[in-house]
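Data block below; observations after.
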Amino acid sequence: MHLGNANTHVLLDLIARARCLRELKQAHAQALARGLLQHDLRSTSALILAYSAHLSPSSSRLLFHLSPLKPHSAFLYNTLLRSLSNAHLHSDALSIYNLMLRDGVRPDDRTFPFTLTACAAAANVCKGTELHGSIVKLGFFADVFVGNTLFSLYGVCGQLFEARQVFDEMPMRDIVSWNSAISVFSANGLFVDSLSSFSELVRSGLLVNSVSLVSVLPACSALHGLVVGEIVHGLAIKVGLYCLVSVGNALVDLYGKCGDTDGSMRAFGSMPERNDVSWNSLIGSLAHVGLFGNALRMFRKMLDLEMKPNSITMSSLLPALVELGLFRLGREVHGYSLRTSMESDVFVANSLVDMYAKYGSSRKASAIFHGMQNKNVVSWNAMIANLTQNGAELAAIKLVKEMQDSGECPNSITFTNVLPACARLSLLMQGREIHARAMRIGSNFDIFVSNALIDMYAKCGRLELAQNVFEVSEKDEVSYNTLILGYSQSAMCIQALFLFTEMGSAGFKYDAVSLMGALSACGNMSLLKQGKEIHCLSFRRLLHTHLFVANSLLDLYVKGGRLDFARKVFDRIPNRDVASWNSMILGYGMQGEIEAAVDVFDMMKDAMVEYDHVSYIAVLSACSHGGLIERGKRYFDQMLDQNIKPTQMHYACIVDLLGRAGQLEEAAEFIKQMPFEADSNVWGALLGACRMHGSLVLGRWAAEHLFQLKPGHSGYYTLLSNMYAEAARWDEANEIRKLMKTRRVRKNPGCSWVQSDNCMHAFLGGERMEELETDFCFEEQV
C-alpha cells in the first residue's frame, strides 16, 4: 500500500512537470507500466485533465472510455466534464453529463457545478433549467457551491428574475454568493441592486474581500455615486484591502468616471504597487474628463518608469493627442504600434482611423481601415465618420451598405455619422432609407439620431418631414435649434419664431444657435420690433458679442434699413470675421451710402481680414449703384490678382456697372469674353440696363437668352414688352405678350406685408391673404 502511494506521487509529479504532449505521453506510459490506471482514480483523473490542458481532449475522452474505474463513481465523469469545459468544448461536456445519466451513475455535489459552468459558457439556459430541476429533485440545492454556480448560470444568461429567485431561496450564502450577486446585477445594469447586495453583505457579518470591492465599484461609477464610492473606499482602507492592485485600479477608475480627477490621482498615488492596468485607468480617466495634457504627461511618466504600454494605453492616448493637435506625436505612436505589432488590435486601429480622419488624412485612415482583419461596429462607424468629415459623402453612404453586407448591424452612431452626408448633398431618398432602417431597429428614438434626421430633412427642403420627426421624438436644445434654423432659411420664417417661443416656454435655454436662427427669421421678414426683443434677450444671456449672434444682428438691421444700429453692433464685435465686414459693405451699398461702403471695404485690408468672393460682390454692387466705373474695374482686377475665381455674380455686377453708366457695347463685349456661359443674373443685368437706356437691339439679344434660361419667369417678358411699348413698336410688344400666353407664363401678383397691432397682415393683388399673430413672448422658463 505504501509502495502504491509512492508510485502515485511520483506519477502525479511527472504529469505536473510535463511541458509538452510528448512528455505527458511518457508519464502515461509509466502509469501503464506500473498498473496504476487499473485501480488509482487520482492518476487517471490527472491524466484526463492534463491531456485537455495540452490541447488533446480526444486523448482525455479515450482514456476515460477505456478506464475500468469509470462505472464505480461520478469522479471520472466529473473529471472529463471539467477537462472538456476547460478546453471550451462545452457542448461535449454536457454530452458527458447525459452519458453519465444513461450509464446509471448518480451525480454528486461536484457534478452540478461543473455542468452548470459548461451551460453558462454555452449560454444554454434550457439545459440549465433542466439541471435546476435535477438539483432540487436530488437534494443538492442546499449545497452552497451548487447554488452559487446555478445563480451564475442564470446571471450570465440574463435570466435575472430566475437568478434573483435562486439567490433569495439559497438556505446558506457564503462570500462567493454575495460577490456573484453584486457582479451579476452590476453587469446587467441593475446598479442599485448591486449596491443593495453589497450593503447586505456588509450587514451579514461576512468579511468583504477584494472581489466584493472590485465588483461593486463599477456600479458606483455607473451611477456617478461618488459619495457611495468614497464609503466603499473607506471600507477598503478599514479592512486593509486598499493596497491591493486590483482594488486600487477600480478606485482610480471610479474617481475618473465620476469626474473627480484629484480623487483619481490620490488613489493612484496611494497604490504601493502598480501595473499596466493602473496606468491605463489613470490615463483613460484624465482623457475622459478632457485633461488631455495631463494624460500625455502620465503616459510619458509611464515610459520613464519603464512600464510597457499596451493596446489599451494606445487607444486611450490617441484621442488625447487628437484633442491636443499633436499630429506628429500621433504618427510616432502609430509607428510604435507597428513596431510592437499592436496595429492589428481592433481598439488601436479604431483610434488610428479616428485620429487620421480628424487630421484630414482620409487616405491614411482608409488604408488602416481596409487593412484591419477583424472589424467591429466601432471600426465601421469611425470610417463612416472619416468619409463624412472629409467631404466623401457618397463613399460614406456606400460604406453603410458594405457594413450591412459584411454582416455588421448599424447602430445609432452609424446613423448619426451618415445622415449629415445625406443632408450635405440633399440626398432625400437615401436619407429616407436610413430613416426606415433606423425605425426597424428602434434607433429612431435615440435623440442623436432624431436630431440628425431633423437636420437632414430640413436641409433637403422637406420641413414637413422634419416637423413630423420633431413632434414624435425626445427633444433637447439641438432639436429646437435645428428646426428653427431650417425654418429661418425657408419661406416659412414665421414658424421659426413660433418654435423659438415654444423652446423658451418648454424650459430650454437659448444659446447662440437659437438666437441666430430667430434673428435670421426676423431679418427675412423685416420684423424689426421682434428682432430688437431678441437682441435684448441676447444681452441678458451675454451672447450679444458672440460672432454668430452679432453677424445675425448685423443682417437684421441692414435688411431693416437701420444702419445706425448695425454700425453700433459692428463696432462692438471683438473678433470680426469676413462675414461681419461683408454685411456692412452690403448694407451701405443697399442704402446708397457708396463712399461708406468703399471705405469699409478698404478698412478690411487694414484690419488684416482677407477678402472673399462675397466681399467683392458687395463692393462691386456698391460701385455699380454709385457709378464708380473705374474703381469697380480696379476692384475686379484686384480680385483676379488675389486668385479669387470670379462667379456669375461678379460678372453680373460688372455688366450692371457698365450698363448703368450707359456703356452697353462694352458690357456686351464683356459678356462675350466670359470664360463660361452667362447665366440669368448676367443677362438680367444687361436687360435692365438696356431698359434704362432704351437699347432695343441689345435688350432683345439679352431677352432671348433669358427666355431660354428661365422660360417661366414673367418679369423678363414684361420688361421687353414695356421697352417696345415705350418705343411705340406695338407689334413687337404684342408679339412678346402672345409669346407669354403661348408659354402659359403668368405675371406674379404683387404681395405686401403690413404689421399692425402685433399682427402681420398679408395682401395679394389688392386683397388680404392672411393674418398672422406676431405677439411673441421671448422668455426662458426658470
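Residues that are of a type in the set (Gly, Ala, Ser) and open to solvent by 60 Å² or more (accessible area, probe 1.4 Å) within the stretch 83-120 comprise Ser91, Gly104, listed in sequence order. Scan the stretch 171-186 and tell me whether some residue there is among the charged types (D, E, K, R) and over 21 Å from Pro218 (Cα atoms). Yes, there is a match, as at least one residue in the stretch 171-186 is among the charged types (D, E, K, R) and over 21 Å from Pro218 (Cα atoms). Hand me the list of helices (runs of 4 or more DSSP H) wholly inside the stretch 663-730 holding 1 or more residues that are touching a Ser or Thr at 6+ places or on another chain (Cβ under 7 Å) and of a type in the set (A, V, I, L, M, F, W, C). Hits in the stretch 663-730: 664-672, 696-709. In the set (1) over 21 Å from Asp103 (Cβ atoms); (2) open to solvent by 70 Å² or more (accessible area, probe 1.4 Å); (3) within 56 Å of the chain's Cα centre (by Cα); (4) of a type in the set (A, V, I, L, M, F, W, C), Leu62 fails one condition alone, (1).
Considering (1) out of contact with any helix residue (DSSP H, G or I) (no Cβ under 8 Å at 6 or more places or on another chain); (2) touching a residue at least 24 places away in the same chain (Cβ under 8 Å); (3) over 24 Å from Gln489 (Cβ atoms), the lone condition that Arg572 does not fulfil carries the number (1). Suppose we keep only residues that are part of a helix (DSSP H, G or I) and open to solvent by 20 Å² or more (accessible area, probe 1.4 Å) within the stretch 301-310. Which one would you say is farthest from Val378 (Cα to Cα)? Only one residue tops the list, namely Asp304. For the stretch 290-306, the criterion of being touching a His at 6+ places or on another chain (Cβ under 7 Å) and touching a residue at least 12 places away in the same chain (Cβ under 8 Å) is met by none of the residues. A single member of Val184, Val156, Val176, Val136 is under 34 Å from the mean Cα position of the chain (by Cα) and open to solvent by 40 Å² or more (accessible area, probe 1.4 Å), and it is Val156. Limited to the stretch 668-715, what total is found for residues that are of a type in the set (Lys, Arg), free of Cβ contacts under 8 Å to residues at least 12 places away in the same chain and under 23 Å from His625 (Cβ atoms)? Result for the stretch 668-715: 0. Can you say whether Ala267 is in contact with a Gly (Cβ under 8 Å, 6 or more places away or on another chain) and crowded, with 24+ Cβ neighbours inside 10 Å, as far as the supplied structure shows? Here the answer is yes, as Ala267 does meet what is asked. List the number of the failed condition for Lys358; all other conditions in (1) under 16 Å from the mean Cα position of the chain (by Cα); (2) among the charged types (D, E, K, R); (3) farther than 30 Å from Ala458 by Cα hold. Tallying (1) under 16 Å from the mean Cα position of the chain (by Cα); (2) among the charged types (D, E, K, R); (3) farther than 30 Å from Ala458 by Cα, Lys358 fails exactly one: (3). Restricting attention to the stretch 458-471, the residues that are out of contact with any Phe, Trp or Tyr (no Cβ under 9 Å at 6 or more places or on another chain) and under 20 Å from Phe445 (Cβ atoms) add up to 1. Among the residues of the stretch 658-675, is there at least one that is crowded, with 18+ Cβ neighbours inside 10 Å and among the charged types (D, E, K, R)? Yes: one or more hits. The single condition among (1) open to solvent by 30 Å² or more (accessible area, probe 1.4 Å); (2) more than 30 Å from Val598 (Cβ to Cβ) that Thr545 does not meet is (2). Against the condition in contact (Cβ under 8 Å) with a residue 24 or more places away in the chain, of a type in the set (S, T, N, Q) and open to solvent by less than 10 Å² (accessible area, probe 1.4 Å), how does Ser278 come out, does it pass? Yes; evaluated as a whole, the condition is true for this residue. Restricting to the stretch 483-498, and then to whatever is open to solvent by less than 40 Å² (accessible area, probe 1.4 Å) and of a type outside the set (A, V, I, L, M), can you tell me which residue is nearest to the chain's Cα centre (by Cα)? Among them, the one singled out is Gly486.
In the condition set (1) outside any helix (DSSP H, G or I); (2) open to solvent by 50 Å² or more (accessible area, probe 1.4 Å); (3) closer than 13 Å to Val614 by Cα, Pro646 is compliant with all but (2).
Selection of first residues in the stretch 199-212 that are open to solvent by 50 Å² or more (accessible area, probe 1.4 Å) and of second residues that are polar (S, T, N, Q), restricted to Cβ pairs under 6 Å at least 6 apart or on distinct chains, gives the following pairs, ordered by first then second residue: Val211/Asn179. Tell me, which helices (runs of 4 or more DSSP H) wholly within the stretch 553-635 include 3 or more residues that are within 21 Å of His650 (Cβ to Cβ)? Here the list reads 578-590, 594-606, 613-626. Is there a residue being more than 16 Å from Met649 (Cβ to Cβ), out of contact with any Cys (no Cβ under 8 Å at 6 or more places or on another chain), of a type in the set (Gly, Ala, Ser) and buried (at least 16 other Cβ atoms within 10 Å of the Cβ) anywhere in the stretch 708-721? Yes, the stretch 708-721 contains a residue that is more than 16 Å from Met649 (Cβ to Cβ), out of contact with any Cys (no Cβ under 8 Å at 6 or more places or on another chain), of a type in the set (Gly, Ala, Ser) and buried (at least 16 other Cβ atoms within 10 Å of the Cβ). Summed over the stretch 509-526, residues that are over 12 Å from Leu553 (Cβ atoms), open to solvent by less than 10 Å² (accessible area, probe 1.4 Å) and either part of a helix (DSSP H, G or I) or at pLDDT 95 or above (or both) total 3.
The residues of the stretch 499-508 that are crowded, with 18+ Cβ neighbours inside 10 Å and in a helix (DSSP H, G or I), listed by number, are Leu499, Phe500, Met503, Gly504.
Test Tyr480 against the criterion of being under 22 Å from the mean Cα position of the chain (by Cα) and open to solvent by less than 40 Å² (accessible area, probe 1.4 Å), and give yes or no. Judged against the criteria, Tyr480 is a match. Going through (1) of a type outside the set (A, V, I, L, M); (2) over 30 Å from the mean Cα position of the chain (by Cα); (3) surrounded by 23 or more Cβ atoms within 10 Å (Cβ to Cβ) one by one, Gly229 falls short only on (2).
Residues that are open to solvent by less than 10 Å² (accessible area, probe 1.4 Å) and hydrophobic (A, V, I, L, M, F, W, C) within the stretch 582-599 comprise Met584, Ile585, Ala597, Val598, listed in sequence order.
The values are calculated or read from the model by the stated rules, or taken from the named source; none is laboratory data. Since this is a predicted model, take the numbers as computed values, not measurements. Ideal geometry is used to build each Cβ from the backbone, glycine not excepted, and the neighbour counts take in all protein chains shown. Heavy atoms of the whole protein, side chains included, go into the accessibility calculation; ligands, DNA and RNA do not. Shrake-Rupley method; radii C 1.70, N 1.55, O 1.52, S 1.80 Å.
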